[in-house]
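Taking it in order: structure first as structure tokens, then the write-up.
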Amino acid sequence: MREIYLDQSPLRLEDVTAVARENARVAFSNEGRQRVAKTRELIAKWVHEKKVIYGVTTGFGALCNVTISEEQAGILQENILMSHASGVGDPLPIDVVRGIMALRVHDLSLGYSGCRMETLDYLLRFLNARVTPVVPEKGSVGASGDLAPTAHLGLVLIGRGEAFYQGRRIPGAEALQAIGLKPLPLGPGEGLALINGTQVMAAIGSLVVQDAVRISKIADIACAMSLEVLMGSNTEFDPRIHQLRPHPGQIASADNMLRLTAESEIIASHSGCARVQDAYTLRCSPQIHGASKDAVAHAGRVLSIEINATTTNPLVFTDTQEIRLGGNFHGQPLAMAADYLSMGLAELGGVSERRIERMVNPQLSELPAFLVKEGGLNSGFMIAQYTAAALVSENKVLTHPACVDSIPTSANKEDHVSMGTIAFRQSREILENVQKVLAIELLCAAQAYDLLTEEQALRSGKGTRIAYQLIREEIPYLERDRVLGDDIEAMVQLIRDGRLVHEVEQAAGPLGSGS
């Protein structure tokens, strides 16, 4: 297993995913340790000199005018973790929290916060020993950083809070003991350094973007299959059309679907039919899917900047021995990207549901009603379309932009906040809904292949053929009604584990994402 040095730049989204989901080992270079030590020495010097430093020798937020003595500095830092650990709701998934820890270490490793190396070593140990703090998902307003959730993360360092370890949810002190550590006494400024940043929204966003790239490819595969069974044309994917409107996502999507349907005897069989043009959900699919790919790519670019930035406050500049107060913790850049990403993902689900309707509705296809024989006795995929419609409708609510809302906090000192963490939580929920909608479209398309008449049942495209075969290896043809929820879940697993994209790309070549 490869080792990832969290103090080195640039950190990639793929690196975050490797640590978060693949449990890649993490490490720290000697250069990074020297950088951290240099800043820490400067902080210690200033504290001894009784210099006024926000959050180090003063209170926080609206209490920044309250001076804290050198003797009380450690108590202040523990207090900030306990007071700010006011999150609520279900715990964030383990992969998200591992991503948060990795990004927090990377930010602090840049040497602008004054955090001790000993503190960073605890977080590195957590990652390598697979100790994951329990972090409630709700409570961040996305400015002054993700304060509430990161405070819960920091509690475990001082022997408080809770953690997941070896499949159990245990007290933080017990988790420390299990990996041979004692509660960590915090030095001046360290509590603030641990919580002041955008790492929660950035971690959620990094994982969502990685999943969204795959989902955009799945959408192309599903559309290509639907196109074939609905007797559509692939001439609308001609690259000459898309070079005249060269949006990267559109070009990538058209190329994907042209290659997925290459060598399709089904499409060739009706090339001279009376239908002049396909419905928009087929004919305009490169334009629709492509716009969503561009939204995913934009979010990826924003996150790539963010995960290599420092978003703490105050910032220590060791070269000039100065400290500056700023606002890099404000999540507005991420919030706006998240809302755009949410719209892009939701549209992939919306257009997929319309293709599902075309397949189950005999007035819009040449297929049996609801894709089942003996209709009436069997309902087939009738209610699966209801489910897709419900998920798409839910996504319309979830795409309300979070970034346009702001509620002042900290006695109006923090009078504009981003709601960026809410925005990416919405993106993640939308993505999960879209996975299910696309799963239903893929099931309907596979069923439709089996229902084609003998004249129609010809060889499908180079990529669509592989997709159909893989689906049928896991999920049998629907001869008569059965519990469709089980089939949908099995199809979602094929999407999530990456097998469907991998097998199709082996046959049709790498599918483009437009980035």
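Would you call LEU227 surrounded by fewer than 24 Cβ atoms within 10 Å (Cβ to Cβ), over 23 Å from the mean Cα position of the chain (by Cα) and among the hydrophobic types (A, V, I, L, M, F, W, C)? Answer is no for this residue. Residues that are acidic (Asp, Glu) and within 17 Å of ILE430 (Cα to Cα) within segment 200-230 comprise just one, ASP211. All of (1) surrounded by fewer than 22 Cβ atoms within 10 Å (Cβ to Cβ); (2) part of a helix (DSSP H, G or I); (3) among the β-branched types (Val, Ile, Thr) hold for THR281 with one exception: (1).
Given the condition farther than 26 Å from GLN77 by Cα, at pLDDT 95 or above, of a type in the set (S, T, N, Q) and out of contact with any Lys or Arg (no Cβ under 8 Å at 6 or more places or on another chain), answer yes or no: does some residue in segment 16-24 qualify? Yes: segment 16-24 contains one or more residues that are farther than 26 Å from GLN77 by Cα, at pLDDT 95 or above, of a type in the set (S, T, N, Q) and out of contact with any Lys or Arg (no Cβ under 8 Å at 6 or more places or on another chain). Contact annotation: residue pairs with Cβ atoms under 7 Å, 6 or more positions apart or on different chains, pairing a residue in segment 414-433 that is closer than 29 Å to THR387 by Cβ and in the same structural domain as LEU303 (by TED's automatic domain parsing) with a partner that is of a type in the set (S, T, N, Q) and outside any helix (DSSP H, G or I), are THR421/SER140; ILE430/THR399. The set of residues from segment 352-379 being assigned to a helix (DSSP H, G or I) and under 36 Å from the mean Cα position of the chain (by Cα) comprises SER352, GLU353, ARG354, ARG355, ILE356, GLU357, ARG358, MET359, VAL360, PHE370, LEU371. In this structure, ILE267 does not qualify as in the same structural domain as ARG354 (by TED's automatic domain parsing), β-branched (Val, Ile, Thr) and surrounded by fewer than 21 Cβ atoms within 10 Å (Cβ to Cβ).
Would you confirm whether any residue within segment 380-390 is crowded, with 24+ Cβ neighbours inside 10 Å, at negative phi and touching an Asp or Glu at 6+ places or on another chain (Cβ under 6 Å)? Yes, there is a match, as at least one residue in segment 380-390 is crowded, with 24+ Cβ neighbours inside 10 Å, at negative phi and touching an Asp or Glu at 6+ places or on another chain (Cβ under 6 Å). In this structure, is ALA163 more than 15 Å from GLN199 (Cβ to Cβ), surrounded by 24 or more Cβ atoms within 10 Å (Cβ to Cβ) and among the hydrophobic types (A, V, I, L, M, F, W, C)? Here the answer is yes, as ALA163 does meet what is asked. Residues that are outside any helix (DSSP H, G or I), touching a Pro at 6+ places or on another chain (Cβ under 8 Å) and either among the acidic types (Asp, Glu) or surrounded by 13 or more Cβ atoms within 10 Å (Cβ to Cβ) (or both) do not occur anywhere in segment 15-34. Got at least one residue in segment 140-161 being under 27 Å from the mean Cα position of the chain (by Cα) and part of a strand (DSSP E or B)? No, segment 140-161 contains no residue that is under 27 Å from the mean Cα position of the chain (by Cα) and part of a strand (DSSP E or B).
The values are calculated or read from the model by the stated rules, or taken from the named source; none is laboratory data. Keep in mind that this is a model prediction, so the values were computed, not measured. We place every Cβ from the backbone using ideal geometry, glycine too, and count neighbours over all the protein chains shown.
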